[in-house]
Each structure stands twice: as structure tokens, then as C-alpha cells.
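Here's the structure, in C-alpha cells; my notes come after.
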Amino acid sequence: MAILTTLTPALWLVMRRLAWAALRPAAPRLDALDARAARRLREACERLGVIFVKLGQLLGVRADFLPPPYVAELRRLQDDVMPADFRYVRAALEREFGMPLSLAFDAFDETPLATASIGQVHRARYAGRDVAVKFLRPDTRERLALDLRLLRWWSRLGRRIDPRRQWKLIDDILDAVESGFFEESDFAAEREHAERLRAQLAGLPGVYVPYTVPARCTPNVLTLEFCSGARIADVAQLRAWGVDTDALLNRLVELYARMMLLDGYYHADPHPGNFLVQPDGTLVLLDFGLVRELSEATRRTLYDAARAALGGDLRRVVDCLYASGMLAPESPRAEAERFVVAFARLSVAFNNDTRGRVAALEDLFRRHPGLQFAIPPDLLYAFRLVQMLEGVASNFRPGWNVIADGGDGLAAAFAAFVLDGPPAGSASPFNRLVDTLRFGFGAAARTLADRLGILARVLAR
């Protein structure tokens, strides 16, 4: 009941805004309605707690999908949620460290650097170094458990009302959300994630992971090196520094393609509040609470699917959908092939129109009722990640698409496969070299790559 009474007024304002826009598209009154509705929606998400803050964060990255007032308000949920009272902060930290805060740190700033759904971050000094201290907000685990029980109840109710819908997708999402949120609230695990990613990415130019301060880490407190920089969504500041935003986007794509396909261990929460950009363009990763590891079989399937999609081999893409578990074995093969062909055309046709692409996708799914889709646990966060990366990129280039526009970053990652090797069982080194030429180095190289590919097929006979 609390959710309904809190959220209903905000949703009512949003509905009024949509109705007014339909009747009078150019009416100045829309600006006032947008501002009020966006503020009420953000405040409702804050009051409802962890899950709704996360949902607001997801919406807030879609600058290509929502009107600017909504993006501006919901973006505040990334690192500007209402802070916990500092009296609680002091008591919680002193309880964790078993000593007064003045002894635990040389200095401690009472004003938080960032406040989000699960953690709150303060700047401090320790052993002569600037550090960032993150602690768990009060009652987080208890409120999360209650929200999840309620959402599962809604899912069961929905299954009874309309059993034809694919409710298994909802259950898969809730399972992943539950495991992900409880993992995010374990700061001892987050420390391990940060240290492993720091070692894994140490040799990647233009990317930095802050070091941890083990002496000031507990299961409820994480202390890291303090890093300065601008938020990745602060386009004006990045351009004032002369940061090449196209190069930055390609670095982001390369980073995630390497983490997911080459290493199999990746940072799974890429909303704008979790990236800083320094004046020289270095990308700093923050918040390591949500990290995922892909099995070798999943990595191999993703690699093969990416290779097939970039090469236009749509039948191989369908093979990968079945192999990954995204398509149930009983789904008709011919219908699956028609779906993938239509999906590929749709992605090109709506490359710069996110809203149109979403509507067309919904229609596409409706026209293929024989296909039974599922989201394997390994892949749920991978799909969410692609959406969030496109949301981050939309701040610089509205309508940006990973496959259509992230070619340079993908090519760099494919080049790494040539040098380091992809997951076991994937394409041969020769085919990896062909891929890298085809997708990374211009029309002449693509022609050469195509001829090399033909030669490879002849030799294979």
C-alpha cells in the first residue's frame, strides 16, 4: 500500500503530461508539467528505497528516450539521494572500526561526496593520503528483502491474471536482482572485486581502477583511493578540457568487450555515476559492488555471436541464440531466422531513433508468438549493460548504438583476441585476424579480409 500511495501521485503527473502533449504538442505548459512530474517521480523513487532508486537510475541514463527534465531529475539518483544523518554515519563507522572516528582517520569530511541506493561516500585523509570512504546505508538489507517479497507477489498475481505472458522473464530478472543487490551490500566482496579488476586492467591504456586501503575496510565499509575528475555525463566539462568524446566512447566499448569476452570478469553497473573522466581523458571506474563472471561456454557463445553479427551471418546468430539458452529448443527454427533478419533491419532503420526502435521491437515480439525467449542468468546483466552503455553514450551522441557506432572499440577488442586468444573453442587465429581486418581498418582492408576469408574456406575443403 505504501508503494501505491507514494508512486501514484508521481505517475498521475506523468500521465497528465503525456495527455497534454498529445492534445497540444507545442504548449508552454508542458515545461511546468515536466518539471513537477520529474521531481515527484524522483522523490517517490527515493522514498520507496533501493529497488526503485535503481529503476530510476536506469531511466536516468536514457537521455535519448526521456525529456530533459526527467533525465536531469532521475540522474540525481546516481549519486545525489537524500543522505543519511551524519550522527548515524559517525556511530556506524566508530562501531565498525572500534575506535573514535578522529583516530580512525586523520580528517573526515561530514558532507558526503555521493549518496546512492545502497552506499554513501565521504572524503577523508588516512596515512597522508586522500581516500573515499563508502559505508552501507541504514536498514538497506531489510528494506530490500521486503521490496523483493512484494515484487514476487505481484509477479505471481500477474501470472494468474494473464498466464499467456512470458512471466519467466520477470522471475529471471527478480532472481538476478536479488542476488545482485545482496552482493552489492557486501563491501568485503566489493573490495575483492576492486582489487581483481585493478590487476586485470592494469595494462589497458586510458583506464584506471583506484587502489583499496585494507586497514580501513570491513564487510560494511570500503575505503579506496580518492580520484578526482568529472562525471562522464558532464559533457560541458569534458569538452572544456578538450576530451575527445568519440575516443572516450570507443575506449568504453573496448573496455567492456575485453572484460566480458576476453577476461570473462566484468564491472556490471555502468551507470554515469560510476565513471569519472580526468582532464587527459583517462576513464576511472568506480563502485565495484556489482561484478559478474561469465562461464567459458557463455563467453564463447557471445564471441561467436558478435563475430557473426558483425559479419552479417544471421543464421549463425540464430545458432548462438539457441546455444545460449535465450531461445527455447522448441522454438521454430524458421521463425527464429525470420525474427533475426527483421531485428537486424530494424536496428539499422532506427539507429538514431531510440523511441521508434523500442516501439518497433515490441511489435516484432508480438508478431513472433511462437518464439519462447528466456534470459539465462549469465546474460541478464550483459543485456542490461548494453542498454546502460548506450544510455551513457547518448549524452554525447543521441541514438548511439553499440553495434552500429562502437566499431572502433569492438575492433580493438577483437585485435586483443588475435594477440591473446578468445575463449577456448572459438574461431581460429586466422579467422580472428580476418575479423579484425574486416571491422577495424577501413574499406580496403575489409576487401582484403573478405578475400582472405574466401581463401580460408577454400583451404578448409
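Overview of results
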{"quantity": "Scope segment 103-115; condition modelled with pLDDT of 95 or more and not in a loop (DSSP other than H, G, I, E, B); matching residues", "calculated": "Leu103, Ala104, Ala107, Phe108"}
{"quantity": "Identity of the residue in segment 194-224, buried (at least 17 other Cβ atoms within 10 Å of the Cβ) and free of Cβ contacts under 8 Å to residues at least 24 places away in the same chain, that ends up nearest to Val291 (Cα to Cα)", "calculated": "Arg198"}
{"quantity": "Residue in segment 359-392 that is surrounded by the fewest Cβ atoms within 10 Å (Cβ to Cβ), counting only those that are of a type in the set (Phe, Trp, Tyr) and in a helix (DSSP H, G or I)", "calculated": "Phe383"}
{"quantity": "Looking only at segment 315-339, and only at residues there that are of a type in the set (A, V, I, L, M, F, W, C) and exposed (fewer than 15 other Cβ atoms within 10 Å of the Cβ), the one that is farthest from the chain's Cα centre (by Cα)", "calculated": "Ala334"}
{"quantity": "Contacts under 9 angstrom Cβ, first residue in segment 238-265 being over 20 Å from Leu197 (Cβ atoms) and modelled with pLDDT of 85 or more, partner among the polar types (S, T, N, Q) and assigned to a helix (DSSP H, G or I), 6 or more apart", "calculated": "Leu238/Thr245; Arg239/Thr245; Val243/Gln237"}
{"quantity": "Complete set of residues in segment 89-125 that are among the β-branched types (Val, Ile, Thr) and loosely packed, with under 15 Cβ neighbours inside 10 Å", "calculated": "Thr111"}
{"quantity": "Only one of Asp280, Asp319 that is among the acidic types (Asp, Glu), in contact with a helix residue (DSSP H, G or I) (Cβ under 9 Å, 6 or more places away or on another chain) and outside the structural domain of Pro210 (by TED's automatic domain parsing)", "calculated": "Asp319"}
{"quantity": "Selection within segment 223-252 - within 27 Å of Gly119 (Cα to Cα) and of a type in the set (Val, Ile, Thr)", "calculated": "Thr223, Ile232, Val235"}
{"quantity": "Single match in Gly158, Gly128 (criterion: farther than 25 Å from Leu290 by Cβ and either surrounded by 15 or more Cβ atoms within 10 Å (Cβ to Cβ) or at pLDDT below 75 (or both))", "calculated": "Gly158"}
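The values are calculated or read from the model by the stated rules, or taken from the named source; none is laboratory data. Since this is a predicted model, take the numbers as computed values, not measurements. Because the Cβ atoms are built from the backbone with ideal geometry, glycine has one as well, and the counts that use them run over all protein chains shown.
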